[in-house]
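Undergrad: What follows is a structure written as structure tokens; I'll ask about it next.
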Amino acid sequence: MLVVPALLFLLPWWLLVYTTLSGAAFWAGTAVFLLGYIALPLAMVNGHGSRESDAAALVGDTMLGILWVLFSWSAIGTVARAVLIVAGVDDPVRSRVVALGVLAISAVLTAWGIYEARRLPRVKTVEVTIPKLAPALDGLRVVVVTDTHYAATDRLRWSERVVETVNAQRPDIACHAGDLADGSVAKRRAQVDPLGKVEATLGRFYITGNHEYFGDAPGWIEHMAGLGWQPLRNQHETLTHNGERLIIAGIDDPTGVAVPGHGPDLPAALTGADPALPVVLLAHQPKQITDAVKAEVALQISGHTHGGQIWPFRYLVRLDQPVVAGLSRHSEHTQLYTSRGTGFWGPQLRVFAPSEITVLILRSPAA
């Protein structure tokens, strides 16, 4: 809580204050960075700790997002400064040009990132060929929302518009792939309740993400069931359409192992499933694809990564997950679709990682 903010503040301070300012301006700039260094951990602890102060969470999350953008572009600015040194550009011109460039780019990307995070997600349509899919099921529409992260920011109207957009896609199957909300059912249910109006002819299915287990996973599972969404907790359903069948299965997030009776169990989820039928699996984290490949699942649908949310964080995400976003193949039998997420976590910014509502159109090779 102290070392990481120190690292994030130190580089921008060095580039924007130490190398550029002097006298009273230097001390004023240093004071601003020092106050930020003190305020950020306090806000994050009060916002995401036992107090769960929404006001503190908003302040801390916003500071964290802005700081990450400033840190990232300060790192790029440091490289640019080295290039200018080699090119023979002297101070104070060198330091001032780099500092102004970093500040300008950071300000523009922060403003754009806030707009991208709060806007209605774009609809992304992807066709996925499923080898075992019967021709009568060709064109089946699976609409995916995930990582809505309803939290301190009141996004009730945004939630209603997401539902309107989902229904406009005419889903046969609707899925929520986890990380529904941050906080208790009592605090967030008003934002979540519009999901009860999603319409899908073959069913609405929900799985847990890791963030449910940071709060009240059993409560959210019960609440979603009350809204008409079927939780898939290490279980499957056989769906029938045009006389042909398809299996949809879901498993818990790995974080659930800390809660008695929770945690992923794919063999249990597929117990009793007809091996001749293709399986569409909901699993929150892309790295759960390892077990999906072993089980010869046809398609795994995941979220969790947010596409990195704020560039260049995607490269850190890639260290933990096999895929950051999009459709990928992992064996002859198994494909993975990783959504960039419908909402955002924490900082109200999305930089080079736009949100999405995904329409997966299932295709039969024999159609």
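Undergrad: G47: assigned to a helix (DSSP H, G or I), at pLDDT below 95 and within 21 Å of Q348 (Cα to Cα), yes or no?
TA: When the stated conditions are applied, G47 passes them.
Residue-wise test of (1) among the hydroxyl-bearing types (S, T, Y); (2) farther than 20 Å from Q309 by Cβ; (3) surrounded by fewer than 17 Cβ atoms within 10 Å (Cβ to Cβ).
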{"position": "S72", "(1), (2), (3)": "yes, no, no"}
{"position": "G77", "(1), (2), (3)": "no, yes, no"}
{"position": "R81", "(1), (2), (3)": "no, yes, no"}
{"position": "L100", "(1), (2), (3)": "no, yes, yes"}
{"position": "A111", "(1), (2), (3)": "no, no, yes"}
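Undergrad: Could you check how many residues of segment 113-122 are open to solvent by less than 20 Å² (accessible area, probe 1.4 Å) and either touching a Cys at 6+ places or on another chain (Cβ under 8 Å) or under 14 Å from I310 (Cβ atoms) (or both)?
TA: Adding up the residues that qualify gives 3.
Undergrad: Using beta carbons and a limit of 6 Å, which pairs, at least six apart or on different chains, have the first residue in segment 63-80 and hydroxyl-bearing (S, T, Y) and the second one modelled with pLDDT under 95?
TA: none
Undergrad: What do you reckon, is G88 free of Cβ contacts under 8 Å to residues at least 40 places away in the same chain, among the small types (G, A, S), part of a loop (DSSP other than H, G, I, E, B) and surrounded by fewer than 16 Cβ atoms within 10 Å (Cβ to Cβ)?
TA: Against the criterion (free of Cβ contacts under 8 Å to residues at least 40 places away in the same chain, among the small types (G, A, S), part of a loop (DSSP other than H, G, I, E, B) and surrounded by fewer than 16 Cβ atoms within 10 Å (Cβ to Cβ)), G88 qualifies.
Undergrad: Another one. Scan segment 267-288 for residues that are open to solvent by 10 Å² or more (accessible area, probe 1.4 Å) and within 20 Å of P322 (Cβ to Cβ) and jot them down.
TA: V279, Q285, K287, Q288
Undergrad: Let me ask something additional. Provide a single number: the residues in segment 327-343 that are touching a residue at least 24 places away in the same chain (Cβ under 8 Å) and open to solvent by 10 Å² or more (accessible area, probe 1.4 Å).
TA: Residues flagged as touching a residue at least 24 places away in the same chain (Cβ under 8 Å) and open to solvent by 10 Å² or more (accessible area, probe 1.4 Å) within segment 327-343 amount to 6.
Undergrad: How many residues does segment 187-236 hold that are modelled with pLDDT of 95 or more, under 15 Å from A151 (Cα atoms), open to solvent by 60 Å² or more (accessible area, probe 1.4 Å) and of a type outside the set (D, E, K, R)?
TA: 1
Undergrad: Which of the residues spanning segment 243-265 are open to solvent by less than 10 Å² (accessible area, probe 1.4 Å) and either of a type in the set (V, I, T) or under 27 Å from I361 (Cα atoms) (or both)?
TA: L246, I247, I248, A249, G250, I251, D252, D253
Undergrad: To continue, here is another question. Report those strands (runs of 3 or more DSSP E) wholly inside segment 284-367 carrying at least 2 residues which are at pLDDT 95 or above and polar (S, T, N, Q).
TA: Here the list reads 299-302, 335-338.
The values are calculated or read from the model by the stated rules, or taken from the named source; none is laboratory data. Source: prediction; values computed, not measured. Note: ideal-geometry Cβ built from the backbone for every residue, glycine included; neighbour counts use all protein chains shown. Heads up: the accessible areas ignore ligands, DNA and RNA and are worked out on the full protein's heavy atoms, side chains in. Shrake-Rupley method; radii C 1.70, N 1.55, O 1.52, S 1.80 Å.
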